[in-house]
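Novice: Starting off with a structure, shown below.
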Amino acid sequence: MSFEAFLSTSICYGAGAPEAGWTLAFPITLPLATIALIYAIGASRLWRRSSRGRPERTRQALLFAAGWGFLTGALVSPIHALGERVFAAHMIEHELLMAVAAPLLVAACPGAALIWALPAAFRRGTGMLTHGKFLQAVWAVASRPLNATAIHGIAIWIWHVPVLFEAALQQGVLHYAQHASFLGTALLFWWVILRRSGRQQAYGSAIMHLFFTSLHTGLLGVLLLLSPKLWYPQNAAGAALWGLTPIEDQQLAGLVMWVPAGLIYGGAALLLAGLWISKSGIREATHGLRPG
């Protein structure tokens, strides 16, 4: 088997047309299964060691299971196979990665469980590695809210350049790189937004970056929706599978990027705004009860 064939994203199984099959490509299923197994081992170890924190551990495990489930659904279910021939399905897959799976995985705070799955020697080695000056310097720059938002936005816009988008459809390596950059930058973005938003002074910044992300992804969606020109002819080859013409397929994809994804970013901003107001009210009330 050639290297390109090994990295093919089109190894599908299922009844009927190949476009409706399940993608069981080894480079996709193995990492997903490995991450799930590592998390299960680490979470069970933490569960046994901490009786008081079990409600929180349960909440985190449920969030991780939901995030992993959406991630697996996007990459393995027929959505992925259809996404190679129907642009709207491809867009649904991308939004599941960036706007659904990523925030759920970040909210699960899986770091502790993943580390505790490792043997003690590896845990110490991992700690030494992550505390290295170079990695800390890189992380300090990448995890600034403005930088994380920009990195995620650049990844989205660059991969939607027609020549790169269609090249990713033709070459498995580029297809994996596209999905990895979407998921990786989304995890970085949501980690920065959700982690830093826990601090009182960072709520406003998080809301602003969510609004900006909603704005620029919505703009890209509107451009796809209103454009009279077909951006990715190759990705619309199977539009008839959904009873659409190629241009209608592109319009539906633009609508998916604009409305449902925008609602997620907007909903997250509203949630953080509500938490900000609530915590501000509690803080003011506590301040008022203090003796002068």
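Novice: If packing is taken as the average count of other Cβ atoms within 10 Å, what order do 70-76, 264-270 fall into, highest mean first? The partial results should precede the final answer.
Specialist: On the way: 70-76: 19.4, 264-270: 17.3.
Answer by packing, highest mean first, reads 70-76, 264-270.
Novice: Next up: Based on the alpha-carbon gyration tensor of the stretch 140-238 and its eigenvalue square roots a ≥ b ≥ c, which shape applies: rounded if a/c is under 1.5, prolate if not and a/b is larger than b/c, or oblate?
Specialist: The shape class here is oblate.
Novice: Cα gyration tensor of the stretch 44-99, axes a ≥ b ≥ c as square roots of the eigenvalues: rounded (a/c below 1.5), prolate (a/b > b/c) or oblate?
Specialist: Details: a/c = 6.36, a/b = 3.67, b/c = 1.74.
Prolate, because a/c is 1.5 or more and a/b exceeds b/c.
Novice: Given axes a ≥ b ≥ c from the Cα gyration tensor, I'd like to know whether the stretch 79-190 is rounded (a/c under 1.5), prolate (a/b larger than b/c) or oblate.
Specialist: On the way: a/c = 2.17, a/b = 1.79, b/c = 1.21.
In terms of gyration-tensor shape, prolate.
Novice: Counting other Cβ atoms within 10 Å, which trypsin sites (Lys or Arg not before Pro) in the stretch 24-122 have at most 14 and lie in a DSSP loop? Spell out each step's value before the answer.
Specialist: On the way: sites: ARG45, ARG48, ARG49, ARG52, ARG57, ARG59, ARG85; in loops: ARG52, ARG85.
Taking the stretch 24-122 and a limit of 14 other Cβ atoms within 10 Å, the loop trypsin sites (Lys or Arg not before Pro) found are ARG52.
Where a number appears in this text, it was derived from the coordinates with a stated rule and is not lab data. Since we're looking at a predicted model, the values are computed, not measured. Quick reminder, even Gly has a Cβ in these numbers, built from the backbone with ideal geometry, and neighbours come from all protein chains shown.
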